[in-house]
1. If you scan region 79-97, which residues turn out to be over 19 Å from Ile26 (Cβ atoms) and assigned to a loop (DSSP other than H, G, I, E, B)?
2. Looking at Asn141, Asn207, which one is on the phi > 0 side of the Ramachandran plot, polar (S, T, N, Q) and out of contact with any helix residue (DSSP H, G or I) (no Cβ under 8 Å at 6 or more places or on another chain)?
3. When you scan region 127-158, how many residues do you find that are among the polar types (S, T, N, Q) and more than 28 Å from the chain's Cα centre (by Cα)?
4. Counting only residues that are buried (at least 22 other Cβ atoms within 10 Å of the Cβ) and among the small types (Gly, Ala, Ser), how many does region 337-356 have?
5. In region 342-356, which residue that is within 18 Å of Asn414 (Cα to Cα) and in contact with an Asp or Glu (Cβ under 9 Å, 6 or more places away or on another chain) is modelled with the highest pLDDT?
6. List the pairs whose first member sits in region 441-465 and is closer than 29 Å to Glu81 by Cα and aromatic (Phe, Trp, Tyr), whose second member is assigned to a strand (DSSP E or B) and at pLDDT below 85, and whose Cβ atoms are under 8 Å apart, counting only residues at least 6 apart or on separate chains?
7. Look through region 400-441, keep the residues that are among the hydroxyl-bearing types (Ser, Thr, Tyr) and either within 20 Å of the chain's Cα centre (by Cα) or more than 18 Å from His284 (Cβ to Cβ) (or both), and return whichever of them is surrounded by the most Cβ atoms within 10 Å (Cβ to Cβ).
8. Could you say which residue among Arg465, Arg401, Arg444 is more than 29 Å from Lys221 (Cβ to Cβ) and part of a loop (DSSP other than H, G, I, E, B)?
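The values are calculated or read from the model by the stated rules, or taken from the named source; none is laboratory data. Everything numeric in this text was worked out from a predicted model, so none of it was measured. Here the Cβ positions follow ideal geometry from the backbone for every residue, glycine too, while neighbour counts run over all protein chains shown.
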Amino acid sequence: MTNSSTASSSNDRFPSDANLVAGYTIDEVSIRPIGEDEDVMGTVTEWTTDMDVEEEGVAVDNVNKKPIDLTNSILSVSYFESILEPCVAIELEVYSSSSIFNEVPIRGGERVEIDIKGPDGTHFERRGAYAMYVYKVSGMNSDKLRETFTLHLVSKEFMVNETVRCKKKFHRTTIDTHVKDILEDILKTTKENIIEPTYNSYTFIGNMKKPFHTIQWLAPKSISKLGAVKKGEDEDGEKANGTGGYLFYENQDGFNFRSIDQLVSRTKSEDSADEDDTIFTYVHTGVVEQNAGFNSRGMYGDILKFFWDRTVDVRKSLRVGMYSNLTYHYDVVTNQLSRYNYSLTEQMENAETLGTDGIPPDVQLFGKSPSRVLSTVSDHGTLDQPFQNYASNAALLTSGRDKADMAKSFSRYNLLFQQALNILVPCNIHLKVGDIVKCYFPKRNTEKSESDPETSGYYLIRELRHSFVPNQNTTSLKLMRDSYGID
């Protein structure tokens, strides 16, 4: 899984002997293998969610369905999320004086349920529909006295995605309806999913593509209701207005299909935020208070370590056409060529951003002239039936795709991913990718206790790693934002 390797690489930059906090205990981890008479590939979409294990700790069912307690054999648990990955992942490091690998046996496809209790009494759980499945075993090392290996786990839908395809034609309707159809009718997921409505409708053919690939393919074609306020052409027909771009990912709550505009708007508009959303605040002072709750400064926690992964790359931004681009659209029915200018500076004037300083200076400086040229061709009559009793070929329908969706989504994606910051904080199981955190960093070269207004501010969680190790429980976050400033 890409998300596990990416998140782990970020966490490797932090020293293992950093000031860490304890308080998390493994209440239960149970594993149920696939029966010998089961066809894994054929019945993967019909896996049940019932699991009756009363023992606390780690339990593995053998061929006789007798649970094996592995509580004292777990060295560490690492949980991964990424806003660019469709599934979460977990790594379990196992140490045992017996041959658990062959005794169970563990051969792939085993079901795993996890329950980790936090210091405040809350639980980090992967049960029922949220249970995990073994897809790989690595680091196998055994001798006469011990056996160690690592179990790599993914969501059930990751397995299902490899065995099913989008075969049918998806008729004209809003894109969020297509996403819901794929998740519930093709992947058969029963998780609680957050699917944000889209402004535009679209029709397409599945072409035997995998479900996750199809949803990620639809994401940049989606226009949110927030981004469509200025959607359309101006009077002279030479400007493309609005912003686009959705993100598809899984976090501990379930699958998410959400627009960038909606994700960042939660810092400014209370009615756009979920009722249970909490923006946690972290501060870096160099002095760590050993607790996992609110510290003496009223902040939720301390930033143990941090480093900047990326700031600004103007050359890359110019090459992808982030600041300004030009789209040529050819209409195959009328044989007309249309031209659409897209300027991020103009479209972001009234848009929501994570920072309070508004549009970054580089966007204003380089947004006057297009740095990339895009081209599209209309698809009249290829997917929908024409209108009844139409008088001319002009009545042929298109798929509904926005003529300048590439321009809108490319610009918005690249603006959000411009700045990347990695921080290490005491473990907080309430955090998840797609959430917003507020960070304060000290101002350099000053005797006063002031926060740096440039580096401090709101950040969107891009990647997350919870590390549960005895007496060393941390959360590693990779953050991103699209602008500077803090209120």
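1. Correct list: Ile83, Leu84, Glu85, Pro86, Cys87.
2. Asn207
3. 3
4. 2
5. Leu354
6. Sorted first by the residue in region 441-465, then by its partner, the pairs are Phe441/Ser451.
7. Ser411
8. Of the residues listed, the single one that is more than 29 Å from Lys221 (Cβ to Cβ) and part of a loop (DSSP other than H, G, I, E, B) is Arg444.
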